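Shown next, in structure tokens, is the structure this report addresses.
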Ligand SMILES: [Zn+2]
């Protein structure tokens, strides 16, 4: 099974009331830990690489390894760009082989976010790649070590979300409802009423970013109220570091970096397995035979694959869009 786009798993999750875990990776230890967990739990999984992590990971280098692992996996695997900051990054990820992208224009004005997200959608959809966008601002900052707080003035407005999805044609929407990136300062308080209101008006699957530190009961409630994808990174990383620290404390003579990496991989697997249980996606591949990629008879196997990427067509499309944009700007 090769990589599939996020729509295929998110719509299934939306229909059946569970959420897909989306885990950021920066190297092969994360990749192996996350994939082993998904296979052990018979769960579909979304692998993410965030633009803010590009200084740690070369996407052109790691994507072939991810594609290779996905082709051998017994569960559906999506590879998504997390928080693409520009349309250029979106194009780079698509060219690299990502099956899903997130364009994050949440810091732009509403109109500019609509404009740039629509452009990303136009390009991605032309080659069968799904697009997630963000409206409102998720608190904290991706990839930071500081404690995060969510600010109510940046929460997603339900009516605006409805208009945004309708005008941009995005496949999934990340919402700000009290969630924040990084580790929370105190216990996060999710605005469930707002989530319900958004779910009523927005027809596409909803995404919760900033998963680390949200209590299990709140995750379950958020999923019940319509969250179909949960992004998760910080806690996985923190637990892996704690494991390495313990290994060094127990045996100060360790000189095998590979042994520490092995320890980190095992911990990442444990953390991810726990999350897949809480998000409700554990066992999904065995519960629904339309989802079991390994059996070859499931809907994932028979669903039309994403349009194969034709690089020339992508270059053509981008040129057309750029030409149109420049033309529109000329007074
Ligand atoms: Zn995020």
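Any read-out appearing in this document is the output of simple, stated calculations on the displayed coordinates, not a laboratory observation. Just so we're clear, the structure is a prediction, and the values are computed from it rather than from any experiment. So basically every Cβ, Gly included, is an ideal-geometry build from the backbone, and we count neighbours across all protein chains shown.
Assorted remarks:
- Degrees separating the helix 59-72 axis from the principal Cα axis of the chain, which is the longest one: 70 degrees
- Taking label positions 7 Å along the Cα-Cβ direction at both residue 88 and residue 74, the computed distance is 4.4 nm, reported to one decimal.
- Computed from Cα positions, the angle between helix 192-201 and the longest principal axis of the chain comes to roughly 40 degrees.
- Distance between the stretch 186-213 and the stretch 217-286 - C-alpha centres, whole angstrom: 22 Å
- Binned Cα-Cα distance frequencies in the chain - 20 Å width, integer %: 32, 59, 9, 0
- Acute angle (nearest 10 degrees) that the helix 28-40 long axis makes with the longest principal axis of the chain, alpha-carbon atoms: 90 degrees
- Taking every C-alpha pair closer than 8 Å and separated by at least 6 residues, the mean separation divided by the residue count of the chain gives a relative contact order of 22 percent.
- Between residue 259 and residue 109, the contour length at 0.36 nm per residue exceeds the Cα-Cα span by 49.2 nm.
- Extension gain, residue 151 to residue 327: 0.36 nm times the residue separation minus the Cα-Cα distance gives 59.5 nm.
- Förster radius 22 Å - calculated FRET efficiency between residue 221 and residue 288, Cβ distance, rounded to 0.05: 0.45
- Overall form of the stretch 151-232 per C-alpha gyration tensor (a/c, 1.5; a/b vs b/c): prolate
- Each label point was placed 7 Å from the Cα along the Cα-to-Cβ direction; for residue 277 and residue 200 their separation is 3.6 nm.
- The order of 219, 233, 192, going from fewest to most other C-beta atoms within 10 Å of their C-beta, is 192, 219, 233.
- Shape call, the stretch 101-214: gyration tensor on alpha carbons, a/c limit 1.5: prolate
- Scoring 24-33, 158-167 by mean Cβ neighbours within 10 Å over their residues and listing the highest first yields 24-33, 158-167.
- Largest GNM mean-square fluctuation across 276, 173, 225, computed for the chain with C-alpha springs under 10 Å, falls on 225.
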